[in-house]
Structures are given as structure tokens and as C-alpha cells.
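Values in this text are rule-based calculations from the coordinates and carry no lab data. In this text, all values refer to a predicted model and were calculated from it rather than measured experimentally. Reconstructed Cβ throughout: ideal geometry from the backbone, glycine too, with neighbour counts over all protein chains shown.
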Amino acid sequence: MAEQTANRPFAFWALYAGLGVLVIFLQLLPLETEPRRWAAPDYMMCLAYAWVLRRPDAVPPLLVAAVILLADFLFQRPPGLWAACVIIGLEVLRSRAIFMRGGTFLLEWFTVIVVTGLVVVAHRLILMLFLVEPAPLALDASLFLSTAFAYPVMVAASHFLFGVRKAAPGEYDPVEAR
């Protein structure tokens with residue numbers, strides 16, 4: 001039994017990395033001939049946020065940073081900026097995970113929406129600060145809205161398909177995980 005729980009984080013890490021590569025691959029497929037006027041949700045951010053609120057040991061920050069940095073390179077975004085913003089949001093949510101464990105899903109969703117909004121705004125402000133032309137405001141707004149509405153779907157998929165459930169009280173100790 002101890003071996004099964006000890007190996008479980010590694011399975012989640014491999015699953016997250018595999019899903020990240022799959023999402024990047026699917027987004028790179030040339031299925032449309034014209035540019036879209038809206039942004040697709042950031043599935044890897046949704047997945048990382050959903051998992052960190054349920055099982056904080058399932059998503060190490062370096063793994064999330066590596067997957068999103070790979071996406072930055074392949075999607076020709078400024079390397080590391082989106083990854084850094086997402087990691088900061090991830091760590092904010094990780095620090096709140098224990099307090100949100102007993103809360104309702106609506107509180108969790110609202111918290112994720114606020115963090116996602118702050119991540120999008122911070123990314124945009126940093127680009128403007130360094131005189132890099134950001135994406136049109138409508139595109140960033142659609143990214144925020146689509147990601148916010150995709151979050152419940154990712155939580156449901158995580159729960160039913162991948163078995164990522166909220167840790168029971170006493171099952172995960174952040175001091176012990178270090």
C-alpha cells in the first residue's frame with residue numbers, strides 16, 4: 001500500500017507531461033486556414049490549477065514550467081514569460097489549497113478566475129512595460145473567458161478520467177512533502 005501511494009505522484013507527473021505534449025501537438029495541427037478571432041483556452045493552465053487545488057503534490061512547478069516553456073517556444077511567444085506568470089498563479093493557488101479543501105466548487109472556481117485574470121493582466125502589462133506589442137485586447141479577453149469557462153470541464157475530466165480527487169484531511173501534509 002505504501003509503495004502504491006509513493007509511486008502515485010510520479011504517475012501524475014507523467015500524465016501531466018503527456019497531456020501537455022498532446023495538447024501542444026493538437027494545437028499545432030493545421031486545421032484552420034484563417035487566423036481565429038478568439039483564443040482557445042489554456043488547457044495546461046486549467047489542468048495545473050485544477051490539480052494543484054486537489055493534489056498539490058501532483059504538479060511540481062518545474063514540470064509545469066517545462067511544459068509551458070515548451071509551448072512558449074513552439075507557439076512563438078516570448079520565452080518564459082507566460083510560463084513565469086502561470087507558475088506564480090500556480091504557487092498562489094498552492095498556498096491556498098489547504099484552506100480551499102473544505103470549500104465549495106464555486107469558491108474554488110471564483111478564486112481560479114481571479115488568479116487567471118491576474119495572470120493575463122500581468123502578462124499583458126509586462127509585455128507593455130518592455131515595449132513588446134501585446135496581443136489585441138479582445139484576444140486576451142477571449143483567452144481569459146475561454147480559460148475561465150474551460151476550468152469546470154477540466155476539473156470534471158480530472159476527476160472522472162484521471163482520478164484526481166481532493167486529498168482527504170491528513171492525507172497530504174505540505175511539510176512532509178518537502
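So what is the 222 nm mean residue ellipticity for the chain from helices alone, if each DSSP H run of at least 4 adds -39500 (n - 2.57) and you divide by all residues, rounding to the nearest 500 deg cm²/dmol? Numbers along the way, then the final one.
Numbers: 7 runs with 126 residues, N = 178.
The helix-only estimate for the chain comes to -24000 deg cm²/dmol at 222 nm.
What list do you get for Glu108, Glu91 if you sort them by fewest beta carbons within 10 Å?
Result, fewest neighbours first: Glu91, Glu108.
Grab the Cα-Cα distance for Val21 and Glu34, subtract it from 0.36 nm times how many residues apart they are, and report the gain in nm with one decimal. Write out the running numbers ahead of the final one.
Details: separation 13, 0.36 × 13 = 4.68 nm, distance 2.40 nm.
Residue separation times 0.36 nm, minus the Cα-Cα distance, leaves 2.3 nm.
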